[in-house]
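Heads up, the thing below is written out as structure tokens.
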Amino acid sequence: MNLRQRILGFYHTRKDATAWTLLAPGVLWLVVFFLAPILIMLGYSVMPRGLFTPVKAGFTLEHYQRFFDPLYLQILWRTFAWSLGATVICLLMGYPLAYLIARSWKWRNLLMFLVVLPFWTSFLVRTFAMIFLMRDTGLINATLISLGLITEPIPLLYTPFAVMVGLVYGFLPFMVLPIYASLEKLDLSLLEAAEVLGARPWARFVRVTFPLSLPGVVAGALLVFIPALGSFLTSDLLGGAKQVMIGNLIQNQFSAARNWPFGSAASFIVMALVLVAVVWYLRIRDTAPGGAEAK
Amino acid sequence: MSTKLPRWLIAFSALVYLFLHLPIVVLVIFSFNDSKYAVSWTGFTWAWYQRLLEREDILRGLEASLIVGAASTLVSAVFGTLIALALARHRFRGRTALEAFLYVPLVTPEIVVGISLLILFVLLKVPLGLATITIAHIAFSISFVVVVVLARLQGMDRNLEEAAMTLGADEITTFWKITVPQLWPGIISGALLAFTMSFDDYVITSFVSGTGSSTLPIVVYTMVRRNIEPSINAISTIILVATAVLIYLADRLGREKGA
């Protein structure tokens with residue numbers, strides 16, 4: 001028997017072996033360079049801070065307790081509130097857009113492409129585009145001044161407003177995609193039935209279309225909320241030193257502040273919030289009307 | 001039934017499109033503006049693009065990004081494709097748990113991935129540099145490749161493979177002669193997405209890059225923070241065009257029928 005036959009023979013007798021051979025390299029990589037680091041990070045978050053090393057041996061919950069300090073509670077609250085705010089604004093802007101795309105038969109592909117395009121362009125570049133528009137010498141202020149509407153530039157950059165605009169601008173496509181997907185496969189005969197039975201357009205929307213698109217709404221909300229929670233670049237570049245979100249707090253603990261265990265605890269809190277959101281989504285998806293088949 | 005869309009909806013949607021695209025269009029237009037400070041249009045120039053070629057840090061950043069992108073794309077495309085094949089073709093114990101595990105990297109905030117890898121590398125005393133950046137990029141790309149390739153595998157006709165086996169080809173021959181050529185557009189499409197993400201990543205890279213090994217996004221970030229000269233507009237425009245071309249290709253290949 002040559003080697004090739006021997007190898008094939010081995011895999012014929014052990015069906016699981018084929019699957020695990022295919023899985024091994026990638027899964028091993030993810031275990032070593034994704035799962036293990038997060039577990040080590042979790043370990044660091046309950047260890048005391050060392051003098052010359054990041055941590056020293058021992059167990060403590062002090063880093064988690066520190067979050068009850070009003071300063072950090074405020075950052076947590078701000079992160080949560082802004083992420084939620086961005087999600088709501090994305091929904092208010094994204095739902096009508098998704099509806100329009102799903103109902104415009106002729107232009108559908110082009111309109112969808114125009115939503116997906118910014119989704120794939122560099123996030124850093126897009127954030128810079130916001131700076132370019134909003135800084136004191138930026139296009140918005142320059143235009144308003146040259147029109148004579150204002151004499152001094154309005155401070156736009158480094159405000160909560162700038163961060164909110166940045167978050168919405170960055171994550172809006174995530175909202176449109178799943179809502180569009182659920183509206184697109186909506187069974188139109190249901191709407192015809194509603195019309196025949198005398199429902200006015202608004203009633204048809206509220207009682208038929210919207211409930212059936214809920215899985216898309218929930219998925220979109222999650223896809224905006226999760227990256228907003230962990231966002232770093234937006235608040236870093238558009239918010240400045242005063243509008244800190246938890247991502248900036250974490251980054252700071254690993255650079256200037258050099259408090260790795262506290263930074264690890266903050267990271268773990270973000271990770272936990274994300275996992276809670278995902279589990280909540282999966283439960284809603286499986287119980288919502290017509291939800292099981294929607295993505 | 002009436003399918004006419006209300007006017008206000010069309011107007012509102014137009015505004016949303018404007019919000020999505022106008023900032024980028026403005027950015028690109030002003031990369032050709034003659035004036036250094038003013039945001040008013042003073043004339044057309046290529047000067048900011050020429051200026052880029054004089055900047056050593058940008059050229060080196062581009063080189064680093066291309067090396068990291070190529071290496072991480074190659075590895076994650078192979079690993080991701082193998083995982084997708086196992087998921088599409090085999091039943092094994094722990095499958096559901098594994099699938100859930102594979103989706104976790106897709107929802108994990110970048111900052112968490114970045115700092116946890118930094119902790120690992122420092123703990124193991126691995127010097128930070130292009131190698132650690134590549135390792136990190138492979139880790140976050142694998143799951144994306146799995147999703148893309150799996151989607152293609154699920155739509156693939158298995159009759160050809162069965163025919164080959166019936167005609168006497170063994171698994172290895174069938175795999176190389178039938179499966180891979182059919183799957184090729186999916187693999188390339190996944191690889192292009194992985195490359196785009198690697199080429200664009202700032203957050204994770206910033207934690208695992210150390211000093212002296214800056215990829216292009218790291219250089220651009222520093223430029224954005226420090227100065228406001230229109231060279232940033234020029235490099236941004238180049239990055240935009242490059243990613244747009246890659247994504248267009250990935251999309252075309254993703255839809256194409258297998259060879």
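The values are calculated or read from the model by the stated rules, or taken from the named source; none is laboratory data. Because the structure is a prediction, the values reported are computed rather than measured. Here Cβ is always computed from backbone atoms with ideal geometry, including for glycine, and neighbour counts include all displayed protein chains. All accessible areas refer to the heavy atoms of the entire protein, side chains included, with ligands and DNA or RNA removed. Shrake-Rupley method; radii C 1.70, N 1.55, O 1.52, S 1.80 Å.
What are the semi-axes of the equivalent ellipsoid of chain A, taken as the square roots of 5 times the eigenvalues of the Cα gyration tensor, listed largest first and rounded to whole Å?
Working from the Cα gyration tensor, I get semi-axes of 38, 36, 20 Å.
Under a point-charge model restricted to the Cβ atoms of Lys and Arg (+1) and Asp and Glu (-1), what is the dipole moment magnitude of the protein assembly as shown relative to its Cα centre, in debye to the nearest 20?
680 debye
If each DSSP helix of 4+ residues adds -39,500 (n - 2.57) and the sum is divided by the residues in the protein assembly as shown, what number results at 222 nm, nearest 500 deg cm²/dmol?
Value at 222 nm, helices only: -23500 deg cm²/dmol.
Is there a simple number for the mean count of other chain Cβ atoms within 10 Å of the Cβ of residues in B:213-223, and what is it?
2
What part of the accessible area of chain B, given as a whole %, is carbon or sulfur when the probe is 1.4 angstrom?
Heavy-atom surface of chain B belonging to carbon and sulfur, 1.4 Å probe: 65 percent.
Over the protein assembly as shown, with a single point scatterer placed on each C-alpha, what log10 of the ratio I(q)/I(0) does the Debye formula yield at q = 0.06, 0.08 1/Å?
-0.34, -0.61
Need the per-residue list for segment A:208-238: every residue with at least 20 Å² less accessible surface in the complex of protein chains than in the chain by itself, probe 1.4 Å, sorted by number.
A:Ile226, A:Gly230, A:Phe232, A:Leu233, A:Asp236, A:Leu237
Could you state the number of Å between the C-alpha centres of segment B:1-73 and segment A:68-100?
Between the Cα centre of segment A:68-100 and that of segment B:1-73, the gap is 26 Å.
In a solvent-free Debye calculation with one equal scatterer on each Cα, what is log10 I(q)/I(0) for segment B:172-259 at q = 0.16, 0.23, 0.26 Å⁻¹, listed in the order of the q values?
-0.75, -1.08, -1.21
Taking the convex hull of the Cα atoms, report for chain B its projected area averaged over all directions, in nm².
21.2 nm²
Using a cut-off of 13 Å between beta-carbons, work out the net charge of the residues near A:Gly240 (Lys and Arg +1, Asp and Glu -1, A:Gly240 not included).
With Lys, Arg at +1 and Asp, Glu at -1, the neighbours total +1.
Return the aspartates and glutamates within reach of A:Lys185: Cα separation strictly under 20 angstrom, same-chain partners fewer than 8 residues apart disregarded; answer none if there are no such residues.
Qualifying aspartates and glutamates at Cα under 20 Å: A:Glu195, A:Asp286, A:Glu293.
I'd like the FRET efficiency for B:Leu66 and B:Leu124, computed as 1/(1 + (r/R0)^6) with the beta carbon distance as r and R0 of 30 Å, rounded to 0.05.
The pair B:Leu66/B:Leu124 has a calculated efficiency of 0.65.
Apply 1/(1 + (r/R0)^6) to the Cβ-Cβ distance of A:Arg66 and B:Thr173, taking R0 = 56 Å, and write down the FRET efficiency to the nearest 0.05.
After rounding, the FRET efficiency stands at 0.35.
Place the peptides A:208-217, B:11-20 in order of packing, highest mean first, counting for every residue the other Cβ atoms within 10 Å and averaging per peptide.
For the peptides A:208-217, B:11-20, the packing ranking is A:208-217, B:11-20.
Under the Kirkwood approximation applied to all pairs of distinct alpha-carbon atoms, what is the hydrodynamic radius of segment B:1-116 in Å?
Hydrodynamic radius (Kirkwood, Cα pairs) of segment B:1-116 is 20.5 Å.
Hey, with R₀ at 41 Å, roughly what FRET efficiency would B:Leu52 and B:Leu249 work out to, going by the Cβ-Cβ distance, to 0.05?
Step by step, r from the Cβ atoms, then E = 0.95.
Compute the distance in nm between two label points, each set 7 Å from the Cα along the Cα-to-Cβ direction, one at A:Thr137 and one at A:Ile284.
Placing both labels 7 Å beyond Cα along the Cβ direction yields 4.5 nm.
Which aspartates and glutamates, on any chain, are close to B:Lys177 with Cα under 15 Å apart, when same-chain ones fewer than 8 places away are left out?
B:Asp157, B:Glu161, B:Glu162
Please calculate how many Å² of accessible area segment B:1-107 carries per residue, with a 1.4 Å probe and no DNA, RNA or ligand atoms counted.
Ligands and nucleic acids excluded, the figure is 57 Å² per residue.
Could you compute how much accessible area chains B and A hide from each other, both sides summed, with a 1.4 Å probe? Nearest 100 Å² is fine.
What B and A bury together is about 7400 Å².
What distance in nm separates the two pseudo spin-label positions at B:Thr45 and B:Leu59, each 7 Å out from Cα along the beta-carbon direction?
Inter-label distance under the simple model: 2.1 nm.
Which is the longest stretch in chain B that no exposed loop site breaks, taking sites as trypsin sites (Lys or Arg not before Pro) with a DSSP loop state and at most 10 other Cβ atoms within 10 Å?
The segment B:126-256 is the longest one with no such site.
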